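Report on one structure; see the data block that follows.
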Amino acid sequence: MNLKRPRRLRENEAMRSLVQETVVNKEDLVQPLFVVHGKNIKSEISGMPGQYHLSTDQLSDTIKELINLGIKAVILFGLPDRKDAFGSEAYDPRGIIQQAVQRIKEEFPEMLVITDVCLCQYTDHGHCGIVEDGRVLNDESLELIAQTALTHVQAGADVVAPSDMMDGRVAAIRRKLDVNGYQHTGIMSYSVKYASAFYGPFRQAAGSTPQFGDRRSYQMNPANAEEALREAELDVEEGADMLMVKPALAYLDIIRRVKEQFRLPLGAYQVSGEYAMIKNAVQQGLLDNDLIMVETLTSIKRAGADIILTYFAREMAEWIDNQ
Ligand code: PBG
């Protein structure tokens, strides 16, 4: 029978890997880390097994382990000591992120340090900008966001990643960095960040749940794709060096469309809720951890992501080593 037989290419492992189109590499992965004030703190985050709150003195071991595994980039999130209406620890040169970056870069200059630039962990109301009469103000927030980015870069950050979704933040940050002599520092913009329910575990871990309302007046409506392209286009015009889509798995179509339309490296963020769903199902014996990890990360890359920010980065590197 003269059938076309695609199964010939699936006959055995060597054949399958010969024709495999998409491979996730360690070089694609960025490990998120949560940094806290204090000493000797390494406490597991509830709901996110294998992820920790780390004090700056505990960063060394973690970074060393990541480097030994071949992970070359981290993204840092900070938990401040104090919160106020203007999120002032976010742009305090002695703030938690600034201290953490300094420490990492002193000890491990080869580790690429990306910092999340946002105010929500630092404001007492939990919004990503300044609030007045229940509204999140845009232009007034930009100066604080740009100042936050500048202090991160002054501390040694290699890349800043604004995640607030205010209009004009990429331009504001670019200008601020340039006039201060940091023309060479890049911006990875969370260009397409949806107002997603998948951020739940992160907000618990970072203490950044909005105290009133939600983020839908600045983060994107999950129903919109054309708007995603408009957001990405603005960031390109404003000078972003890399774009990002977030979350990842529920937005693979967006990843694909942004990748096809713009000629910039594209990141995708497999967020806390995606990770927690998998880990919880694994703990209940419903899913196989490694198979799901590899399948989801591969699908994110297949959709078009060049860079994957994922809580699985360390584990994935271990898996790659064991192949
Ligand atoms: C800060 C920020 C958030 C995440 C990354 N940066 C939370 C939010 O927007 O509420 C989410 C990351 C995750 O869920 O893993 N704005």
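The values are calculated or read from the model by the stated rules, or taken from the named source; none is laboratory data. Keep in mind that this is a model prediction, so the values were computed, not measured. Please note: Cβ atoms are built from the backbone with ideal geometry, for glycine as well, and neighbour counts cover all protein chains shown. The protein model used for the area step is the full one, side chains on, heavy atoms only, and it has no ligands, DNA or RNA in it. Shrake-Rupley method; radii C 1.70, N 1.55, O 1.52, S 1.80 Å.
A few points about this structure:
- Note: relative contact order over the stretch 23-321, using C-alpha pairs below 8 Å and six or more positions apart, is 19 percent.
- Between LYS64 and GLN323, the FRET efficiency estimated from the beta carbon spacing at R0 = 22 angstrom works out to 0.45.
- Extension reserve of the LEU291-GLU21 stretch, reckoned as 0.36 nm per residue once the Cα distance is removed: 95.5 nm
- Given a 1.4 Å probe and the protein chains as shown, ARG10 ends up with an accessible area of around 140 Å².
- Among 176-186, 122-132, the order from most to least packed when residues are scored by Cβ within 10 Å on average: 122-132, 176-186
- Across the stretch 218-229, computed HN-Hα scalar couplings (Karplus, 6.51 cos²θ - 1.76 cosθ + 1.60, θ = phi - 60°) run 10, 7, 7, 6, x, 7, 10, 10, 4, 5, 4, 5 Hz from first to last residue, x flagging Gly and Pro.
- Close amide H partners of LEU54, meaning residues 5 or more places away or on another chain with modelled amide H under 5 Å apart, are PHE34, VAL35, VAL36.
- Ligands, DNA and RNA are left out, and with a 1.4 angstrom probe the accessible area of the chain is 46 Å² per residue.
- From helices alone, the chain scores -11500 deg cm²/dmol at 222 nm; the rule is -39500 (n - 2.57) for each run of n ≥ 4 DSSP H residues, then divide by the residue total.
- Phi to ³J(HN,Hα) by Karplus 6.51 cos²θ - 1.76 cosθ + 1.60 over the stretch 130-137, Hz, x for Gly, Pro: 6, 10, 9, 6, x, 9, 8, 6
- The residues SER189, SER17, sorted by heavy-atom accessible surface at 1.4 Å with ligands and nucleic acids left out, run SER17, SER189 from largest to smallest.
- Shape category assigned to the chain from the gyration tensor of Cα positions, a/c cut at 1.5: prolate
- Across LYS42/LYS72; LYS83/LYS246; LYS26/LYS301; LYS72/LYS105; LYS64/LYS105; LYS259/LYS279, pairs whose alpha-carbon gap is larger than 23 Å: LYS83/LYS246; LYS259/LYS279
- Computed from backbone phi with θ = phi - 60° and the Karplus coefficients 6.51, -1.76 and 1.60, the 3J(HN,Hα) list for the stretch 308-315 is 10, 8, 8, 5, 8, 3, 4, 4 Hz; x is used for glycine and proline.
- Protein accessible area in the chain, 1.4 Å probe - carbon and sulfur %: 48
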